[in-house]
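Below is one structure, written out as structure tokens, with a few remarks after it.
Rule-based calculations on the coordinates, nothing more; no lab input. Because the structure is a prediction, the values reported are computed rather than measured. We place every Cβ from the backbone using ideal geometry, glycine too, and count neighbours over all the protein chains shown.
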């Protein structure tokens, strides 16, 4: 996973956490849900990048 991808995914996850916290603090269920969705999306992206890394490592090990 490239460093830019890691930073982008971490930033997206942090933004989601902030939205969720603000939503909780203000009783804004929509913002809270958006924050949770942003975090989930970032986690899926991170998982995809980890799979790519693992496949690259496997390819290198086989070669």
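For the chain, the relative contact order is 34 percent, taking Cα pairs closer than 8 Å that sit 6 or more residues apart in sequence and dividing their mean separation by the residue count. Against the chain, whose longest principal axis is taken from its Cα atoms, helix 3-25 shows a tilt of about 20°. Counting other Cβ atoms within 10 Å as a rough exposure proxy, the listed residues 31, 36, 55 run 55, 36, 31 from fewest neighbours to most. Going through [x] 1.47; [y] 1.35; [z] 1.00, the figure that equals Cα Rg over 2.2 N^0.38 Å as computed for the structure here is [x]. Computed from Cα atoms, the angle from the helix 29-62 axis to the main principal axis of the chain rounds to 10 degrees. I'd like the FRET efficiency for residue 28 and residue 51, computed as 1/(1 + (r/R0)^6) with the beta carbon distance as r and R0 of 35 Å, rounded to 0.05. Computed FRET efficiency for residue 28 and residue 51: 0.50.
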